[in-house]
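Structure, as structure tokens:
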Amino acid sequence: MTGPSVRFAGVSKSYDGGATEAVSGVDLTIEAGSFVALVGESGSGKSTLLKTVNRLIEPSAGAVSIDDKPVEGEEPARLRRHIGYVFQNIGLFPHMTVAENIGIVGRLEQGVMTNDIGDLLDLVDLPRDFAARLPAELSGGQQQRVGFARALAGEPGLMLMDEPFGALDPVTRDQLGEAYRALHDRLGLTTILVTHDMAEALLLADRILVMHQGRIVADETPQALFGGASGDVARALMAVPKRQIEKLGRLGEER
Ligand code: ADP
């Protein structure tokens, strides 16, 4: 199975009665089964663009389609059944067990649980006996894995991720990022990842879209961006990981 394609046609979104244009005329096709990262400084419109896909935000103009079907024709709850959504601080219900937290998607949306809890825990590499635990009995990284399991409960083809690793320490962040990338490949998902971490985007995605003031100002493979980023905004973003690599390299030579 391969996840769907996603197309944005002239998508704009303004807030405050038009005073802020968060997203400006985005035209973009995301191929089925691809892993795309949306990067850019804070406030560049990444989250807003992402949320037009599952209708958490309605565009002021333009349209979003999934496999050529406009999302505005779909009832939001129905639409979200086939779209996984993971965000920072996943917000597990503290008084509910892991199993209940994962199952809530199924209950809220009436019988869409197609995976069972044990299989979902296997998928995200958590021991099956964690099903009975409360969120407080899990580390931050483990809680975020539960968030991934919950997002995967309805067997979505498309995953939307908004800074999903943002609240984690660097080691957990790296591990979970790689584990998710493997899952994306194994399940044939389509993934759109919003991150402000350029290194994360470079290491995980097939394609990187750089946003600036609501527009996409670069659309490149990680190799091309790393090799010689196109445009000032992309170059400025790339300067951070490049500087870190240089500094670490120098540290190695000094020893
Ligand atoms: P990013 O995800 O890149 O940080 P956002 O999509 O969250 O960017 O925000 C883009 C712009 O839209 C920012 O200027 C932000 O302040 C504004 N914005 C986002 N959400 C709202 C809202 N609900 N009401 C008003 N302005 C908003």
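Values in this text are rule-based calculations from the coordinates and carry no lab data. Everything numeric here is computed off the predicted structure, so don't read it as measured data. Cβ coordinates were reconstructed from backbone atoms using ideal geometry, including for glycine residues, and neighbour counts include every protein chain displayed.
Brief remarks on what is shown
- Furthest towards positive pole of dipole, THR97, GLY157, HIS196, structure part the stretch 67-212, Cβ charges: THR97
- Computed about the Cα centre, the dipole magnitude for the chain is approximately 200 debye when only Lys and Arg (+1) and Asp and Glu (-1) carry charge, each at its Cβ.
- Lys/Arg +1, Asp/Glu -1 at C-beta; the stretch 1-58 dipole; positive extreme among THR29, ALA19, SER42: THR29
- Rg over Rh [alpha-carbon atoms, Kirkwood Rh] for the chain: 0.98
- GNM flexibility winner over the chain from THR195, THR48, THR29 (Cα, springs under 10 Å): THR29
- Mean Kyte hydropathy of -1.0 or more with a Cα span along the axis of at least 20 Å, helices from DSSP in the chain: 170-187, 232-254
- The chain - share of DSSP beta bridges that are antiparallel (%, nearest 5): 50
- Computed about the Cα centre, the dipole magnitude for the stretch 180-255 is approximately 100 debye when only Lys and Arg (+1) and Asp and Glu (-1) carry charge, each at its Cβ.
- In the elastic network of the chain, a GNM with C-alpha springs shorter than 10 Å, the most mobile of ALA37, ALA236, ALA99 is ALA236.
- What you get for the stretch 1-107, charging only the Cβ of Lys and Arg (+1) and of Asp and Glu (-1), is a dipole of about 300 debye around the Cα centre.
- Spin-label proximity, ALA61 to the stretch 1-36 - amide N less than 20 Å from point 7 Å beyond Cα toward beta carbon: 7-29
- Computed [θ] at 222 nm, helices only, for the chain once each DSSP H run of length n ≥ 4 contributes -39500 (n - 2.57): -11500 deg cm²/dmol
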